[in-house]
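Read through the structure below, which is laid out as structure tokens, and then see the notes.
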Amino acid sequence: MEFEAFTASELAAYLGAIPKVRALLGEPDDLDVAEVGDGNLNYVYFVTNAKAPQRSVVVKQAPPFLRLVGKAWPLSCQRMEHEVAALRRFGALCPQHVPKVYHADSKRFLMVMQRLASHCILRQGLINGITYPKLAAHLSTYLAHTLFYGSDLFLAPDIKKQAVSAAVNVELCRITEDLVFTFPFEDHPSNVYSLALPLSVLERLRTNEALRIAAGDMKWAFMNRAETLLHGDLHTGSIMVNEEETFVIDPEFAFYGPMSFDIGALLANLLLAYFSRDWHGRVDGRDPAAYEEWLLAQAIGIWNGFSEQFMALWRDHESRSERRFIGGQTESRAAEGYRAHFMRRLLADTLGFAGCKMIRRIVGMAKVAEITRIPDAQARALIEVRCLRCAEALLVERDTLTDIEQVAMLARDILRETLTHV
Ligand code: SR1
Ligand code: MG
């Protein structure tokens, strides 16, 4: 079927014809429809009963192009099926952190999902300097459960291989391969640089051999290590929060890839918030230091909480299963040794992916609001240079940064450095 964007009345009539959705929303004539999407890919509508505003849903529809660019960048609408399948799978694994899907239509490339009306996008919350007391606990739980239960540590090998094949997501993986791992390291026409960013800093991304090798390793890992079902785009714009709850939305980039890619995306975005805090904090008239430390505490809490819960799920599963990943006579010591080795590698890869994700947000085409909303060109460039220095260190030193506290120290050191060339 050809793609057609709905008018408000068409969408209201469409939803009214789906009994389950009509039961949630009420009569089509009472519905207000507002297009609110500000993401890069899709249309997003809030549909609300004007007489009973608590009766509200989100409708998400994939047009046959990248919204950020328009028809000049065609994309298949089938991406919506990946998103629906991933939301359902993650929702089954971690229902407290994933919005409900009420209805999906693969012919209209849309879905109807739970409206999180009392939550805000985490990126905006971080720009506003809000603390969320349960954030690290919630995100570490989400990561541990989704990453463990999609992997060969839990699934039977035949089921896992079928799942890998069903989740192949060529088009959206290609976007990541290009925009995260390739173009930012080249003089590519899609790159967008802020004007005050020194040329020497850009040059370094292209010529620093250690950095290029590290980024190449991460690209290879992304393309070849089908470890588990990933969210695939887990930045702070894909998370909705309030004081009590945390939801992970928008998994259209889901595919079987390296576990550390999701954790790295989250770490990268916390670090981007960290390095830009000085600006946003001072604009608000607040001392940024306390919030900077809160951001680092989230990074530490997410990694530590994730690794504890992931190991606990792994141990618990093996204690009850006949199938152990590391079996044999020396089973228990070898298994614990392997788990420790596994987590060290996971941290190193997390840092490598975080580095790539930070670099792409500074020099690539799709940026983040905590940086782009800084109107002072010099202040912005200074923050960008710090982000790039941190990203480079994460990539190049990923094997020697062996615990997350060291990463926090690295970030603090870079924030305190006097930069002379901006
Ligand atoms: C061209 S799409 C740009 C970015 O938006 C998404 O959120 C992904 O991060 C993608 O790379
Ligand atoms: Mg998205």
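Just so you know, all these numbers are worked out from the coordinates, no wet-lab data involved. Keep in mind that what you see is a predicted model, and the values were worked out from it rather than measured. Here Cβ is always computed from backbone atoms with ideal geometry, including for glycine, and neighbour counts include all displayed protein chains.
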Calculated from DSSP helices alone, with each H run of at least 4 adding -39500 (n - 2.57) and the total divided by the residues of the chain, [θ]222 nm to the nearest 500 comes to -17500 deg cm²/dmol
Here the Cα Rg-to-2.2 N^0.38 Å ratio for the range 117-217 is 1.54
Here the convex hull volume per residue of the range 165-249, taken over Cα atoms and given in Å³, is 153
Quick note, the range 59-189: a/c under 1.5 would make it rounded; otherwise a/b > b/c is prolate and the rest oblate (a ≥ b ≥ c, C-alpha gyration tensor); here it is rounded
Loop-resident GluC sites (Glu not before Pro) in the range 349-422 with no more than 13 other Cβ atoms inside 10 Å, DSSP not H/G/I/E/B, are Glu417
Subtracting the Cα-Cα distance of Glu177 and Glu10 from 0.36 nm times their residue separation yields 56.4 nm
Rounded to one decimal in Å, the inverse mean reciprocal Cα-Cα distance for the chain, i.e. its Kirkwood radius, is 22.5
For the chain, the count of lysine pairs 8 or more apart or interchain whose alpha-carbon atoms are under 14 Å apart comes to 5
Among His341, His103, His138, the residue with the largest mean-square fluctuation in a Gaussian network model of the chain built from Cα contacts under 10 Å is His341
Averaged over all viewing directions, the convex hull of the alpha carbons in the range 1-67 casts a projected area in nm² of 4.6
Stokes-Einstein D for the range 269-316 (37 °C, 0.692 mPa s, Kirkwood Rh from Cα pairs), in µm²/s, comes to 273
Using alpha carbon centers only, the range 353-422 is separated from the range 153-210 by a whole-angstrom value of 17
Counting all Cα-Cα pairs in the range 301-422, those more than 22 Å apart amount in percent to 50
Sorted largest first, the C-alpha extents of the range 22-114 along its principal axes in whole angstrom are 41, 32, 23
